[in-house]
Amino acid sequence: MSMKNPPAKDQTFGGKTVLLGGDFRQILPVIPQGSRADTVLASISHSYLWNICHKFALKVNMQVNQDEKEFSEWLLKVGEGRLESVEEDEDDDYHEQLIILDNSLVQESKDDSLKQVVDAAYGDVNKIKASQSSYTDRTILTP
């Protein structure tokens, strides 16, 4: 950037606008052999750049249908660590992070589980119209 605009070398990101998005509770950096504190301290919200960023909060959880309010609230509780933990005799961080999962959210399968996920999201792929929206309306998102 500084070739065409010399002052850009002193600007954050070379003067370019950069959009960062996501749930920073779920998208954490990987610190090999690091503790939980190491991971948190390495996140973007602890960077020297964070104070010069403009922050916008999204108010509507678009990951779930709005008629699934109970599930949406459950997801927020998981993200904020407000669910009760599994009671274990172990005194370690691993067991502290286990949560009790409602059985209504679990679907056991004896068949190929990946095929079931794809079939649930896309149905019969031979019947999908070849338009961009037919694919973007049916997307499987994973962290």
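What follows draws every value from the coordinates through simple rules; no lab data is involved. These figures come from a predicted structure and were not determined experimentally. With ideal geometry, Cβ positions are generated from the backbone for all residues, glycine too; neighbour counts draw on all protein chains shown.
When the trypsin sites (Lys or Arg not before Pro) in the stretch 1-43 are filtered for DSSP coil states and for at most 15 other beta-carbon atoms within 10 Å of their beta-carbon, the remaining sites are Lys4, Lys16, Arg25.
Extending 7 Å from Cα along the Cβ direction at Asp102 and again at Lys115 yields two label points whose distance is 3.1 nm.
For the pair Phe13 and Ala37, what calculated FRET efficiency results from E = 1/(1 + (r/R0)^6), where r is the Cβ-Cβ distance and R0 = 22 Å, to the nearest 0.05?
Details: r = 28 Å, r/R0 = 1.25.
Efficiency, rounded to the nearest 0.05: 0.20.
Annotation: lysines with alpha-carbon distance below 30 angstrom to Lys55 (same-chain offsets under eight excluded): Lys4, Lys9, Lys16, Lys69, Lys77.
Near the amide H of Glu68, within less than 5 Å, lie no amide hydrogens of residues on another chain or at least 5 residues away, with H placed in the peptide plane.
If I stretch the segment between Arg82 and Leu20 completely, what's the gain in nm (0.36 nm per residue apart, minus their alpha carbon distance), one decimal? Kindly include the intermediate steps, with their values, before the conclusion.
On the way: separation 62, 0.36 × 62 = 22.32 nm, distance 2.58 nm.
Length difference between fully extended and current span is 19.7 nm.
Here the label points at Asn126 and Lys4, each 7 Å from Cα along the C-beta direction, are separated by 5.1 nm in the simple model. In terms of surrounding Cβ atoms within a 10 Å radius of their Cβ, Glu80, Glu68 rank from fewest to most as Glu80, Glu68.
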